[in-house]
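Only one structure is covered here, and it is reproduced in the block below.
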Amino acid sequence: MSSEKMHFEYRVEGGNFSEAGYPSSQVKKTLKQLNVEGNVIKRTVVALYEAEVNIVAHAYRGVIAVDIDTEKIIITLTDEGPGIADIKKAMEIGYSTATPEVREMGFGAGMGLSNMNTNADKLSITSEVGTGTIVEIMNYFHK
Amino acid sequence: MERKTDNQFHHALKFREDLCIGCSHCMNICPTEAIRVSHGKAQLHANRCVDCGECYRVCPVGAIIVEQDDFENIYKYNTRVALIPSVFSGQFPDSVSSGEILSAVHELGFTHVIEVEEGVEFLNDRFNEYIRENQAKKPLISPFCPAVVRLIQVKFPTLAGNIILLKAPVDVTALHTRKELTDQGIASEDIGIFYVTPCAAKIVAVKSPVGEEKSVIDGVINMNYLYNKIFKILRQKKEKSEVTGFSHLSEKSICWSLTHGESGHMTQGRSLAIDEINNVIEFLEKVENEEIDGIDFLELRACDESCAGGILCPGNRFMTVDKLRKRAVKSGDSKGNTPESKTGKISMNDPFLLENIPLGPVLPRSIIKLDDNMSEAMIKMKRIYELNRVLPQVDCGICGSPTCKALSEDVVQNQASIKQCIFVQKILEQNDKMDMQESIQIMKSIWSDNKLDQNSLKDEINEIN
Ligand SMILES: Nc1ncnc2c1ncn2[C@@H]1O[C@H](COP(=O)(O)OP(=O)(O)OP(=O)(O)O)[C@@H](O)[C@H]1O
Ligand code: SF4
Ligand SMILES: [Mg+2]
């Protein structure tokens, strides 16, 4: 088994909805070039997009780190923001603290985290109120 | 290479080496980066081509041609059916009636002339059912435009499963026609069904169909060829014959192949229509990123103004659209007093058609993947990234590849050398790593001896200095 690895990073700015989606489309391109199976690409891109939009909608700024090896992709989103007080509650479908402005942009249905959960093989969220949130998404290429 | 793959890469667009001047216009326009220049000639990478015909439009010397069946082939059959798409009627001046067109086609030797869109009403119902039953695969993508189907196979492999697996109107009409004729006692092998095509993509759809073994159509006739033949007949005619034309199609059917033709008639949820291949690519990128939400059906067409803009349509596409819309309005007005609606003959739940219109799966054949082996692919990807970083990003095409990024990929796939970049050559020359002779040799191998002939500026050379 080869130990080839790749790593890249993207910066995300809170409130900048017009730029959202760039990291997802780059990750998608990369996975396509690596010949990863279509369904895995789809799931990864959905989960990443939701996580990225959460930074844009709810936090101030963040960094997305992507690590790929021949087995899996791990995406770690670290943000500076208000943090999440009750993660369990935040995961519930329909729970949202999105502002009216964010809702106006078409977000804020409270679907993002549960959507991430169904599209990630492993999802871990840690958060400190007042500091920020770390979301880790892991998907395997071969089942 | 295996036979099967050869067939899969069959293309209706052919490059005539004898005419090609190696100008690279086609390379620069190709939306799938399927063309390179080598030895002064355009080279087609068959696995990347989707037969959209953008290259055909820009070639300044007519070196790209569309393959064509021999017209005489129709005489191999006793019963000769011409299947004519409605856009054909939009090619002629207003003074030419559809009746005249119809009789001219008969005069050319066809025993039956039928409009392709007769199958539309039947197919529209099936599409609506299909969309209702396949909500999990949203957005469902119309299989109508073969260039788009192939584009998805090569460039958007993850969306291959979103394509509606039902045949096109032309196949429905062809199946129905053959069935009707055999029911009348004509032997199937005596029936030849010929499709008059507006584009190269539809030819490929007949010659090497996706999702079916063999097409129900026996041959194709290029629309510009038929147009010229008919125009000649019409010019020779002194008096106008009063034959009834093909006015029996419904409004919907007449406009089906135009932009919004399909999308306007899907009853389930929300539909969108997008035409022109670069617009389609831009939108599919977003669909693939799941950035587009809540769309049930996508009508996607490779040509601007859809089939009115097909590369084999002789008329102006905007005029064609206008004519078809006028014809559609007229057909709507005359509802009720049209003699007998021929479309009615295709029963909405014809069991024979229902059984025969499903398509097999549309398989992805990605041109994006760098290697089947993932760690190989990763090594290549890193190498491409490194190479691309040293290239100037001018995308001038002088290396014979359409962009700097494409050259990086070609190098890593062993199909080019980084020394083909003119900037790299200059840098190497400054470092005494390349002499002029070598760089000239490289340029000649891309652009041919002619373009770099030492004597070619003989007269002007003194003035230049
Ligand atoms: N990165 C984050 N920083 C702070 N709070 C967050 C973050 N991500 C999620 N949340 C909190 O969790 C809630 C639920 O998130 P979720 O993504 O499920 O829904 P949403 O973003 O509100 O709406 P939707 O994702 O449907 O547009 C958010 O409303 C917000 O209160
Ligand atoms: S839009 Fe119509 S004419 Fe153009 S490629 Fe597609 S099917 Fe052919
Ligand atoms: Mg969210």
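The values are calculated or read from the model by the stated rules, or taken from the named source; none is laboratory data. Everything numeric here is computed off the predicted structure, so don't read it as measured data. When we count neighbours, we look across all protein chains shown, and the Cβ atoms used for this are built from the backbone with ideal geometry, even at glycine. These accessible areas exclude ligands, DNA and RNA; they are computed on the full protein's heavy atoms, side chains included. Shrake-Rupley method; radii C 1.70, N 1.55, O 1.52, S 1.80 Å.
Details
- Note that the stretch A:44-120 shows a convex hull volume over its alpha carbon atoms of 92 Å³ per residue.
- Over chain A, relative contact order from alpha-carbon pairs under 8 Å, at least 6 apart, %: 28 percent
- For the stretch A:21-117, the dipole from Cβ point charges (+1 on Lys and Arg, -1 on Asp and Glu) about the Cα centre works out to 260 debye, to the nearest 20.
- Inter-site label distance for residue B:316 and residue B:235 at 7 Å from Cα along Cβ, in nm: 2.1 nm
- Only protein heavy atoms count here, probed at 1.4 Å, and on that basis chains A and B bury about 2100 Å² of accessible area in total.
- Taking the Cα centre of the stretch B:369-465 as origin and assigning +1 to Lys and Arg Cβ atoms and -1 to Asp and Glu Cβ atoms, the resulting dipole is close to 400 debye.
- If only the Cβ of Lys and Arg carry +1 and only the Cβ of Asp and Glu carry -1, the dipole of chain B around its Cα centre is close to 260 debye.
- The stretch B:1-67, relative contact order in percent, only Cα pairs under 8 angstrom and at least six apart counted: 41 percent
- Protein heavy-atom surface of the stretch A:6-140, 1.4 angstrom probe: 50% of the accessible area is carbon and sulfur, with nucleic acids and ligands not counted.
- Of all aspartates and glutamates in the structure, those lying under 16 Å Cα to Cα from residue B:76, and not within fewer than 8 positions of it along the same chain, are B:189, B:190, B:218.
- Based on Cα contacts under 8 Å between residues 6+ apart, the stretch B:71-356 shows a relative contact order of 28 percent.
- C-alpha center-to-center spacing [the stretch B:108-138, the stretch B:50-70] in angstrom: 28 Å
- With the charge dipole of chain B set up from +1 on Lys and Arg Cβ and -1 on Asp and Glu Cβ about the Cα centre, the Cα lying farthest toward the positive end among the listed residues B:266, B:314, B:415 is that of B:314.
- Amide H contacts under 5 Å for residue B:303, placed H, 5+ residues apart: B:276
- Folded to 0 to 90 degrees: helix B:223-236 orientation relative to chain B principal axis, Cα: 50 degrees
- Inter-site label distance for residue B:21 and residue A:26 at 7 Å from Cα along Cβ, in nm: 4.3 nm
- √(5λ) per eigenvalue of the Cα gyration tensor, the stretch B:369-465, largest first, Å: 32, 14, 11
- Residue B:363 versus residue B:441: modelled label distance in nm, points set 7 Å from Cα along the beta carbon direction: 4.3 nm
- Here the protein assembly as shown is described by how far its Cα atoms reach on the three principal axes: 85, 76, 45 Å, from widest to narrowest.
- 3J(HN,Hα) couplings calculated from phi for the stretch A:114-128 with the Karplus curve 6.51 cos²θ - 1.76 cosθ + 1.60 (θ = phi - 60°) are, in sequence order, 5, 5, 4, 4, 6, 9, 10, 5, 9, 10, 10, 10, 10, 8, 10 Hz; Gly and Pro show x.
- Dividing the Cα radius of gyration of chain B by its Kirkwood radius returns 1.03 for Rg/Rh.
- Note on the stretch B:132-280: Cα convex hull, mean projected area over all directions, 12.2 nm².
- Integer Hz, Karplus 6.51/-1.76/1.60 couplings in order for the stretch B:17-22, x for Gly and Pro: 4, 5, 9, 4, 9, x
- Per-atom-type breakdown for the stretch B:290-417 gives carbon and sulfur 51% of the accessible area (1.4 Å probe, protein chains only).
- Volume of the convex hull of the stretch B:419-465 (Cα atoms only), normalised per residue: 86 Å³.
- Its alpha carbons give the stretch B:50-207 an Rg and a Dmax of 18.0, 51 Å.
- Taking 16 Å as the straight-line reach from the Cα of residue B:232, the lysines in range (excluding those fewer than 8 positions away in the same chain) are B:240.
- Pairs of C-alpha atoms in the stretch B:1-67 farther apart than 16 Å represent 41 percent of all such pairs.
- For the segment A:38-49, counting C-beta atoms of other chains within 10 Å of every residue's C-beta and taking the mean gives 3.
- Anchor residue B:451: lysines whose Cα lies under 23 Å away (excluding residues fewer than 8 positions away in-chain): B:41, B:419, B:426
- Sorting the segments B:352-364, A:20-32 by their residues' average number of neighbouring beta-carbon atoms within 10 angstrom, most packed first, yields A:20-32, B:352-364.
- Euclidean distance of C-alpha centroids, the stretch A:103-121 and the stretch B:396-433, integer Å: 45 Å
- If you plug the beta carbon distance of residue B:267 and residue A:63 into 1/(1 + (r/R0)^6) with R0 = 35 Å, you get a FRET efficiency near 0.15.
- For residues of B:287-293, the mean tally of beta carbons on other chains within 10 Å: 6
- Above-threshold pairs, the threshold being 21 Å between Cα atoms, out of A:42/B:405; B:252/B:286; A:32/B:202; A:42/B:286: A:42/B:405; B:252/B:286; A:32/B:202
- The angle between the Cα long axis of helix B:169-183 and the longest principal axis of the Cα atoms of chain B comes to about 40 degrees, rounded to the nearest 10.
- The mean number of partner chain beta-carbon atoms within 10 angstrom of a residue's beta-carbon across peptide A:26-36 is 6.
- Residue B:118 - accessible surface, heavy atoms, 1.4 Å probe, Å² rounded to 10: 20 Å²
- Amide H partners (placed H, <5 Å) of residue B:38, local residues excluded: B:43
- Alpha-carbon spread of the stretch B:299-422, three principal axes, descending order, Å: 71, 38, 18
- Note on chain A: Kirkwood radius taken over Cα pairs, Stokes-Einstein applied at 37 °C and 0.692 mPa s, translational D equal to 214 µm² s⁻¹.
- In terms of accessible area, using a 1.4 Å probe and ignoring ligands and nucleic acids, B:235, B:365, B:270 rank largest first as B:235, B:270, B:365.
- Shown in residue order for the stretch A:80-93 are the 3J(HN,Hα) couplings computed by the Karplus curve 6.51 cos²θ - 1.76 cosθ + 1.60 at θ = phi - 60°: 9, x, x, x, 10, 6, 10, 5, 4, 5, 4, 6, 5, 5 Hz (x for Gly and Pro).
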